[in-house]
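Please read the structure below before turning to the comments.
Laboratory data are not the source of any read-out in this text; all were calculated from the coordinates shown. Because the structure is predicted, anything quoted here is derived from the model rather than measured. Positions of Cβ are generated from backbone atoms using ideal geometry, with glycine treated the same way; all protein chains shown enter the neighbour counts.
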Amino acid sequence: MYDMDEEAARILSQALIQSSSLRKLVLREVKGEASAFLLKALDGDGGNRAIECLHLSFVSELGDCLRDLLRSNRYLKEVTLIAIDMRPEEWSQLGHALRDNATERTIRVGHLIHHKDDLKGVEELVCAASSDDKDPKVELIITFYDYDALISALNFVEVSGTSWETDGKSALIQEALEQNQKRAVYMAEFREARLAFGDAKAGRLFLCGSPLAGEF
């Protein structure tokens with residue numbers, strides 16, 4: 001379901017409440033109050049309990065609806081959130097809701113990072129969702145459009161006690177970061193000297209840090 005006006009959303013929300021056969025709801029690019037109306041159809045004692053899969057992408061102005069929905073509706077088995085426009089404090093509230101109602105449901109969160117400040121929402125979500133006694137599983141899918149944000153994120157990756165520490169991925173990430181830092185230094189010197197570069201004939205993927213990185 002794509003963008004719609006509020007009146008259409010009201011009508012559809014009533015239909016959702018009465019439906020007992022619909023198992024999956026996908027909302028894409030729904031803005032304003034329309035998104036809130038539709039999510040409220042799944043919330044509360046009188047809401048739809050048949051829907052098991054909820055997929056939201058490029059949705060904004062959800063307010064507290066998403067948080068309240070995850071707290072009240074335990075019938076949702078899979079929730080996917082892609083490029084959801086929320087303030088950092090709203091991501092924190094969502095994280096608390098996931099932690100307080102930790103179930104076997106699958107939660108996937110996709111973020112598009114255009115600037116390192118965009119990572120604040122991810123950080124708030126992860127920190128709020130984790131605790132000593134409850135630690136719900138959240139799959140993060142982060143797409144970086146900003147190189148500085150990517151490097152900043154990798155520098156703060158904490159892998160202690162995870163499989164990455166034992167299988168060598170941590171060492172590869174650290175080595176890649178060090179190599180990229182060295183390259184950044186001498187590339188800056190080249191630019192300062194105003195050296196002209198010809199068209200690249202081949203390149204190598206350095207960031208992964210693997211000796212098997214292929215040329216392209």
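Here are some notes:
- E139 versus L172: modelled label distance in nm, points set 7 Å from Cα along the beta carbon direction: 2.0 nm
- Of the residues A36, V126, Y75, the one whose Cα sits farthest toward the positive end of the charge dipole of region 6-145, with +1 on the Cβ of Lys and Arg and -1 on the Cβ of Asp and Glu, is Y75.
- Each residue of region 76-91 was assigned a 3J(HN,Hα) from its phi angle through the Karplus expression (A = 6.51, B = -1.76, C = 1.60, θ = phi - 60°), giving 6, 9, 9, 10, 10, 10, 10, 6, 7, 8, 9, 6, x, 5, 6, 5 Hz with x at Gly and Pro.
- Peptides ranked, highest mean first, by Cβ atoms within 10 Å: ranges 11-23, 45-57, 62-74: 62-74, 45-57, 11-23
- Virtual paramagnetic centre 7 Å along Cα→Cβ of C53, amide N under 17 Å, in region 82-111: 82, 105-110
- Partners of K77 within straight-line reach, counting lysines whose Cα lies under 19 Å from its Cα and excluding those fewer than 8 residues away in the same chain: K24, K40, K134, K137.
- Shape call, region 6-145: gyration tensor on alpha carbons, a/c limit 1.5: oblate
- For region 166-174, the Karplus equation 6.51 cos²θ - 1.76 cosθ + 1.60, evaluated at θ = phi - 60°, returns couplings of 8, 8, x, 5, 4, 5, 5, 4, 5 Hz by residue, with Gly and Pro reported as x.
- Comparing G95, T106, F144 along the charge dipole axis of region 6-145, the residue lying farthest to the positive side is T106, per the Cβ-charge model.
- Positive contributions from Lys and Arg (+1) and negative ones from Asp and Glu (-1), summed over other residues with Cβ under 12 Å from the Cβ of L119, come out at -4.
- Point-to-point label distance, A193-K24, nm (Cα→Cβ direction, 7 Å offset): 5.6 nm
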